[in-house]
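Engineer: Just dropping this structure here.
A short reminder: the numbers here are calculations on the coordinates, not readings from a lab. Predicted, not measured: the structure shown is a model, and the values here were computed from it. Cβ placement follows ideal geometry from the backbone for every residue including glycine, while neighbour counts extend to all protein chains displayed.
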Amino acid sequence: MKLIQKIRDRMAKAADALGYSAMDVAASVRPCNDPTHGHYQANAAMALGKKLGRPPREIASELAASVPLDGFLAAPEIAGPGFLNLCLTDQAIATGLEEMAASPCLGLEAPSPKRKLVIDFSGPNVAKPMHVGHLRSTILGDGLARLFRTLGHEVITVNHLGDWGAQFGILLYGYKNLLNREAFNADPVKELSRLYVEVRKHFAADDEDEADSVDPVRDACRLETAKLHRLDPENLELWKQFMPSCLEEISKAYNRLGVSFDHIRGESFYQPYLADVAAQLESLKIAEPSQGALVVLYGEKEAPALIRKRDGAYTYATTDLAAVKHRADHFQPTDIVYVVDSRQAQHFKQVFDIAKRWGITGPKLHHVAFGSVLGPDGKPIKTRDGKASTTLEGLLDEAVKLAAKLNAPEANDSAELAVPVLESEEVASAVGIGAVKYADLSQNRTTDYKFNWDKMMAMDGNTATYMQYAFARCRSILRKAGHLEGSPEAKIKVETPEERFLGVMLLRYAEVLEAAAEDFRPNILTAYLWDLAKAFSVFFQNCPVLKAQEEGALHSRIALCALTSKVLEAVLEVLGIRVLERM
RNA sequence: GCACCCAUAGCUCAAUUGGAUAGAGCAUCGGUCUACGGAACCGAAGGUUGUAGGUUCGAAUCCUACUGGGUGCACCA
């Protein structure tokens, strides 16, 4: 059972015995912000005091007197206006750690209820090179998928590619009018992406907003898109010709990032269903004709959702609705999760609303929104104008190069620790890509993301490198001790403040995973990693392991190192970041 | 014009969703230095949480107004 749950149960019992709401009291238990206050705190007394018109400290002391300690908790302390500070006993910490060490999954229990989540993330527009703007959805989505899998839920990952949109109209027009045949044969994706930018230069208006004016090239592109959507043989043939190299291109990026999908289903996959979706929505009176289009109206204040355009083409709302329907029917999930930036909030609000009215009520729909990627100037990087200069590949190359430099032979003074040449490439890749991922995951996902090259590749401070380093040191000790597995049956004793602090931190593992899953927030995991690695550093600095004075302490500390390395590895694994024996 | 989001240390960001003295990293300054791996550790300095009110035991967090930024708003996806 999770640590916090054990404490909540005890507080609930105390509340029950006193006639207070067990649920409220249990819910008021939380980890202490400030470790000097204790391990956990219960904050219910203030609210109860207010409600009952009694001094909160009095209620706190009643709770303190009634809570069953049974060797698990130390006597609670009352502080401030009525905080109840709770500390685990050394015995409880030691026992918890021993149980955790003996458990193959570090004490995680099967979830109840078990969920089945479809997670939709990444979804790049193909035929354009991926750039930093695609990073967040990809890394976040992959991290969340790993997180829910680790917690024991069933996860189906889907990459909803932009493979059927207007960008193909642009490409088709470019291919037919501006193609460099030689360049295309040599590197189709590069040439297609050049065409995309090139064609857009021929648009009369740079901005979509001004698109009403006369614009022959833009109109021609629209025509190509429409022809493709009508399954015009020539355009369809070209589309089929473009796709394999497009897919190959994006899979290169995914391989480097260590990201994979259960299903790659682009917009084109749902294309055959769209007419039926529109027809159903119309016959159910959810959608209605307006100005030649088919729309779902949302009153004066909100723009309508477009289902079918005047020219007969369907929109991405329709595609998303077809996808919801298909996923609900086909996978029967408990949740469908969209990891898409927050600018799509209104779109998803409408799609979710229409889906519900359409009768799709089984799965819970989540828009896991995240902030935009801002350029160094603080302005959002626009992906559509093709101006994004930082390609994903370039970024990853740079990060790996930087990591390799840090790891160069002359930077390593110890022959014993020198990384074999065969491994060094592996190390640079793990460190460099880990740094990039961590930079993204450690930020609160809802706030905007200011892209900063240096920060993204930073390897100081709260970074993946620091965690990988802590792990490598752990492993180094274990290697020297000849206990790589850390002998799971070892007795653990916590006797110093450093051991106590590290021990409680380790015990919080399960609770932290759940907290991160609760709101789809991987930065809770990185914050935990930072706390854990710091706790290990302090322990490591102050408590000799291999030179411990007595045998009991030696084995106990080896076990602590082993457990620390396992937890670091497990959480990094959840984030999709590799660990290293040496670096 | 309508709607939504944001504003926290010099910079980049946290703050477990209303809890204790608002915390980190970088940068700055000082210390550790024959080390169970220096990609490290310890310390200092840095704040009227955009402004003004309000709600309550308690507000960065909730409400109102204002200022400054951003995003979305019928035929792109």
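Engineer: Sort A:552-559, A:429-436 by the packing proxy (mean of other Cβ within 10 Å over each peptide's residues), most packed first.
Structural biologist: Numbers: A:552-559: 20.8, A:429-436: 24.0.
Per-residue Cβ counts within 10 Å, averaged per peptide and sorted highest first, yield A:429-436, A:552-559.
Engineer: Still on this model: Can you list the lysines whose alpha carbon sits under 25 Å from that of residue A:455, skipping same-chain ones fewer than 8 residues off?
Structural biologist: Once the sequence-local lysines are set aside, what remains near residue A:455 is A:252, A:379, A:382, A:387, A:401, A:405, A:437, A:534.
Engineer: So how tilted is helix A:3-18 from the main axis of chain A? Cα-based, degrees 0 to 90, rounded to 10.
Structural biologist: The angle comes out at about 70 degrees.
Engineer: Another question, then. Size of the dipole of chain A about the Cα centre, Lys and Arg at +1 and Asp and Glu at -1 on the beta carbon, nothing else charged, in debye to 20?
Structural biologist: Its charge dipole is roughly 760 debye.
Engineer: Can you pull the one-decimal nm distance between simple spin-label points at residue A:476 and residue A:393, each 7 Å off the Cα toward Cβ?
Structural biologist: Result: 3.7 nm between the two label points.
Engineer: Further question: Would you calculate a helix-derived [θ] at 222 nm for chain A, using -39,500 (n - 2.57) for each DSSP H run of n ≥ 4 and dividing by the full residue count, to the nearest 500?
Structural biologist: Mean residue ellipticity at 222 nm (helix-derived): -17000 deg cm²/dmol.
Engineer: Right, something else. Mind pulling up the Rg/Rh value for segment A:222-334? Radius of gyration and Kirkwood radius, both on Cα.
Structural biologist: Rg divided by Rh gives 1.04.
Engineer: Follow-up question, since we're still on this one. For the pair residue A:425 and residue A:489, how long in nm is the line joining their label points, each one 7 Å along Cα→Cβ?
Structural biologist: With each label point 7 Å from Cα toward Cβ, the separation is 4.4 nm.
Engineer: Say a site is exposed when it is one of the GluC sites (Glu not before Pro), sits in a DSSP loop, and has at most 15 other Cβ atoms within 10 Å; what is then the longest site-free stretch of chain A?
Structural biologist: On the way: sites that count: A:109, A:300, A:302, A:416, A:485, A:489, A:495, A:550, A:581.
Counting at most 15 other Cβ atoms within 10 Å as exposed, the longest clean stretch of chain A is A:110-299.
Engineer: Sequence neighbours fewer than 8 away in the same chain don't count; with that in mind, list the aspartates and glutamates whose C-alpha is under 20 Å from residue A:6.
Structural biologist: A:16, A:24, A:62, A:70, A:77, A:90, A:98, A:99, A:109, A:511, A:514, A:518
Engineer: Assuming a ≥ b ≥ c are the square roots of the Cα gyration tensor eigenvalues, decide whether segment A:228-276 counts as rounded (a/c under 1.5), prolate (otherwise, with a/b larger than b/c) or oblate.
Structural biologist: The shape class here is oblate.
Engineer: In degrees between 0 and 90, to the nearest 10, how far off the longest principal axis of chain A does helix A:188-201 point, with axes built from Cα atoms?
Structural biologist: 70 degrees
Engineer: How many angstrom separate the Cα center of segment A:70-127 from the Cα center of segment A:55-69?
Structural biologist: For segment A:70-127 versus segment A:55-69, the Cα centre distance is 24 Å.
Engineer: In straight Cα distance, which aspartates and glutamates are under 17 Å from residue A:547, not counting same-chain residues fewer than 8 positions off?
Structural biologist: Partners found: A:495, A:498, A:499.
Engineer: Next question. Would you kindly compute the Cα radius of gyration of segment A:423-565 and its largest Cα-Cα separation (Dmax), both in Å?
Structural biologist: Looking at segment A:423-565, its Cα Rg and Dmax stand at 16.7, 52 Å.
Engineer: When the chain is fully extended, how far beyond the present Cα-Cα distance does residue A:452 get from residue A:51, taking 0.36 nm per residue of separation?
Structural biologist: Extra length from residue A:452 to residue A:51 when fully extended: 139.4 nm.
Engineer: Whole Å is fine, so just give me how far the alpha carbon centre of segment A:439-488 lies from that of segment A:285-306.
Structural biologist: 50 Å
Engineer: Using only Cα atoms, what Kirkwood radius does chain A have, in angstroms?
Structural biologist: 27.1 Å
Engineer: Pull out the extension gain between residue A:309 and residue A:1, defined as 0.36 nm times the separation in residues minus the alpha carbon to alpha carbon distance; nm, one decimal.
Structural biologist: Contour length minus the Cα-Cα distance gives 105.5 nm.
Engineer: Another question, if that's okay. Please give the length that would be gained between residue A:408 and residue A:236 if that part of the chain were fully extended, namely 0.36 nm times their separation in residues minus their C-alpha to C-alpha distance (nm, one decimal). Before the final figure, lay out the partial values.
Structural biologist: Working: separation 172, 0.36 × 172 = 61.92 nm, distance 5.05 nm.
Going from the current span to full extension adds 56.9 nm.
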